[in-house]
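What follows is a single structure, written as structure tokens, with notes after it.
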2 protein chains.
Amino acid sequence: MDEKPCAVVLLSGGLDSATCLAIAHDEGFSVKALAVLYGQRHAVELDAARRVATAHEIGDLMTAHIDLRIFGGSALTADVEVPKHEAVEEIGADIPVTYVPARNTIFLSYALAYAEVVGARDIFIGVNALDYSGYPDCRPEFIKSFQKMANLATKAGVEDRERPLTIHTPLMQMTKAEIIRKGVALGVDYSLTHSCYDPSKDGLACGRCDSCLLRRKGFEEAGVPDPTRYMAGVHGNK
Amino acid sequence: MDEKPCAVVLLSGGLDSATCLAIAHDEGFSVKALAVLYGQRHAVELDAARRVATAHEIGDLMTAHIDLRIFGGSALTADVEVPKHEAVEEIGADIPVTYVPARNTIFLSYALAYAEVVGARDIFIGVNALDYSGYPDCRPEFIKSFQKMANLATKAGVEDRERPLTIHTPLMQMTKAEIIRKGVALGVDYSLTHSCYDPSKDGLACGRCDSCLLRRKGFEEAGVPDPTRYMAGVHGNK
């Protein structure tokens, strides 16, 4: 009998969520991974999520299909060009066009439903306030507020107040380099993960979208070889 | 040019949400209706939502397709029998099996995304704390907490704090009879709406699920003829 407490981990197939999953495992949770397919350009992430789930032997990956394209409003869901830069410093301070309206609210709502059905009181999400400070739904105050709401929203929250639902954000205050070092220490195979917002049809990373730039810089700063397969002309840390 | 402020109204096709839509109209909002199709047994509600949207001339009904059946955990999404009773008094005080885990959290999250894309700062949801006191996500404290979270979750909430997002719940403290009288006063045609959790293939209401019982009692108490088409042997208020 599995006596470990169960946790739902939101798994996108990216570097952050793969690390988040490894941390949840390391903290002693029995992990239920949930991938949310939202009509994004980088659906190739889902394949990465499946590879990560398989590598960590966590059983079937629960996949929720939602379609945020009906609303539009983001470079990740509508026909807006994904911005490209040559260096991290060129990324602006404003909320980027890759912001998807209410995305993490919707993701966490699904995780909340799944957690309630499987009896989990812990949800892990790999949000990060340092690298993605432009996204309002990656900030600690948002997470704290969601957690409070979640405990009022559910049957579990109402009927068993002694075990409140907790939203874990272990990566919140870590730099990308720290996340990578932590993941390497926990045995994460980053060659299985995918971060690019605008990959080629073969799944090669563009190397110049915000997500690629942050990832490349992270491997460089961590002093860890970058296993990402980039398009011709782009090179990660060796 | 339409200078009315825009509001997103969650429209299920039921009696409550149709009244809610009429109230939003009456309060001077330009209404964007959002129906969420969630693999429920009563998908016939969607047809009702379309009829209501057409009757109120609010343009296209935005429909979000989500699948909560993947999680199960409710008589409305899994293969669990919908409970039937002969009278409202038989409905228990516990949270019923028709509770769908995190449903209103997910619905409101979609409404939040839609509101942000169309520039609406007002969301209407027809929840009611009196008749459905068993559902945790129909209580005022949940709505208040969601509203707070929503203003931290979105770009609009962060960039334009002078126009905070408001979740309107005009039916919260009304009895079903009061809701019906209000709707009749605003010209709602309840023959277009559908409430039954377990309708026949032809869309006839069972008359004995919790939702039907509350609806029948509402028409009776309001002294309004019940236009619902029930299965053989069940009669609404004449």
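Laboratory data are not the source of any read-out in this text; all were calculated from the coordinates shown. Quick caveat: nothing in here was measured; it's all calculated off a predicted structure. Don't worry about glycine lacking a Cβ; one is built from the backbone with ideal geometry, like all the others, and counts go over all protein chains shown.
For this structure, a couple of remarks:
- Of the residues A:144, A:4, A:32, B:238, the one with the fewest other Cβ atoms within 10 Å heads the list, and the complete ranking is B:238, A:4, A:144, A:32.
- Size of electric dipole in chain B: Cβ of Lys, Arg +1 and of Asp, Glu -1, about Cα centre, debye, nearest 20: 60 debye
- For residue A:166, neighbours were defined as the other residues whose beta-carbon sits under 14 Å from its Cβ, and their charges (Lys and Arg +1, Asp and Glu -1) total 0.
- Estimated FRET transfer efficiency (residue B:65, residue B:6; beta-carbon r; R0 25 Å; 0.05): 0.65
- Between the listed residues B:17, B:130, B:166, the Cα displaced farthest toward the positive end of the dipole of the range B:6-222, a dipole computed from Cβ unit charges relative to the Cα centre, is found at B:166.
- Total lysine pairs in the range B:6-222 at Cα distances under 20 Å, for residues eight or more apart or on different chains: 7.
- Sorted from closest to farthest, the other copies place their residue A:141 label points 2.4 nm away, with each point set 7 Å from Cα along Cα→Cβ.
- Think of each Lys and Arg Cβ as +1 and each Asp and Glu Cβ as -1; about the Cα centre, that makes the dipole of the protein assembly as shown roughly 80 debye.
- When residue B:232 is represented by a point 7 angstrom out along its Cα-to-C-beta vector, the spacings to that point in the other copies are 7.4 nm, nearest first.
- Between copies, residue B:60 shows label-point distances of 3.4 nm, shortest first, with the point placed 7 angstrom from Cα along Cα to C-beta.
- Each part reduced to its alpha carbon centroid, the range B:117-179 and the range A:120-189 end up 24 Å apart.
- For the range B:6-222, the square roots a ≥ b ≥ c of the C-alpha gyration tensor eigenvalues yield an a/c of 1.5 or more together with a/b exceeding b/c, which makes the shape prolate.
- Measuring r between the beta carbons of residue A:201 and residue B:235 and using R0 = 56 Å, the FRET efficiency lands at 0.35.
- Ranked list, fewest to most other Cβ atoms within 10 Å of each Cβ, for A:19, B:169: B:169, A:19
- Counting other Cβ atoms within 10 Å as a rough exposure proxy, the listed residues B:212, B:206 run B:206, B:212 from fewest neighbours to most.
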